[in-house]
Amino acid sequence: MRQLWVNIFGVHNMKTSASVLYTYHESIARKGSSEVCTFLLNYLTEYVPHSVKELRLFSDGAAAQNKNHIMIRLCQALVDTKKVGQITILFPGTRKLFKKVDLICYVKQYCELLLNEPKQPNKFTINLVETSGILNFVERWPTMYKRGGISKESRKRDVANTAKYSSENQETVATGEFIEGLMYNNFNLKLKHSVTLPTEQAYEGPTCINYKNIEDLKKLRIYIPEEYTGFFREILMWLTTHNDSSDNA
């Protein structure tokens, strides 16, 4: 039986061991590249000191969220607009871990579960995401950057496991097959000399929920505690879609 999807995007600072989480359910936003770019930009603006000149980002290679043209352009735009001097993004191999928990009915229950972690109290900072806060990176970048390009060295469109962006060479992105490897290919993706970050919203209003989810949520109403019924009544009135995909990459 389908339940309401709750998405959590996390950024873990490996130097301080602090984590910032962005939490929202599926009618607030999707889980595509605009969301990822919005959260990263917010994290850099709110939690990274201006004195930091170099960033090293580690993530999985999920094509819809992390390893795509939109994310590549964000990294280059951050360098082009002098938000940071150099960015290296790495895609090491990952594995998924699942933890069994009791029935969770409300987004804030996830927040309480994380904030009350007994082994590592005060480790997490949580941001509850609003639809109006998601920026439209998907439509902004094509006016400033090419979608793809040919390597200056290999004359191929290589898929990299690491990419470097530097303010010293803003015209190109250096990519490599191996993390900390010696061989890199350079791509020129820039269309305009002047680059600005997006300010337009990605969504005009709440996103649609799959109608199958809504039908299953109706069946769950008898199990929902009284304190959460107001939240679910609002969800059940949301607009629906027959599209099974929730990604917007």
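Cβ-Cβ distance below 9 Å, separation of 6 or more or different chains: which pairs start in region 120-132 with a residue that is closer than 12 Å to residue 19 by Cα and among the polar types (S, T, N, Q) and end on one that is loosely packed, with under 11 Cβ neighbours inside 10 Å and at pLDDT 90 or above?
127/46
On the given criteria, is residue 38 modelled with pLDDT of 90 or more and surrounded by 15 or more Cβ atoms within 10 Å (Cβ to Cβ)?
Yes, satisfied.
Those residues that are under 17 Å from residue 203 (Cα atoms), aliphatic (A, V, I, L, M) and under 8 Å from the mean Cα position of the chain (by Cα), I need them from region 29-51; list them, please.
36
For region 44-53, state whether one or more residues are modelled with pLDDT under 70, among the aromatic types (Phe, Trp, Tyr) and over 22 Å from residue 143 (Cβ atoms).
no
Using beta carbons and a limit of 8 Å, which pairs, at least six apart or on different chains, have the first residue in region 220-244 and in contact (Cβ under 8 Å) with a residue 40 or more places away in the chain and on the phi < 0 side of the Ramachandran plot and the second one of a type outside the set (D, E, K, R) and surrounded by fewer than 12 Cβ atoms within 10 Å (Cβ to Cβ)?
Final answer for the pair search is 220/1; 223/103.
Can you find even one residue in region 19-28 that is under 10 Å from the mean Cα position of the chain (by Cα), on the phi < 0 side of the Ramachandran plot and β-branched (Val, Ile, Thr)?
Scanning region 19-28, I find no residue that is under 10 Å from the mean Cα position of the chain (by Cα), on the phi < 0 side of the Ramachandran plot and β-branched (Val, Ile, Thr), so the answer is no.
When you scan region 201-249, how many residues do you find that are touching a strand residue (DSSP E or B) at 6+ places or on another chain (Cβ under 7 Å), part of a loop (DSSP other than H, G, I, E, B) and modelled with pLDDT of 80 or more?
Qualifying residue count for the region: 3.
Considering only residues that are surrounded by 19 or more Cβ atoms within 10 Å (Cβ to Cβ) and in a strand (DSSP E or B), which ones fall in region 1-24?
Result: 9, 11, 21, 22, 23, 24.
Report, by residue number, each residue of region 54-73 that is among the small types (Gly, Ala, Ser) and either in contact with a helix residue (DSSP H, G or I) (Cβ under 8 Å, 6 or more places away or on another chain) or at pLDDT 90 or above (or both).
64
The values are calculated or read from the model by the stated rules, or taken from the named source; none is laboratory data. In this text the structure is predicted, and so the values were computed from the model without any measurement. All Cβ positions, even for glycine, are placed from backbone atoms using ideal geometry, and neighbour counts span all protein chains on display.
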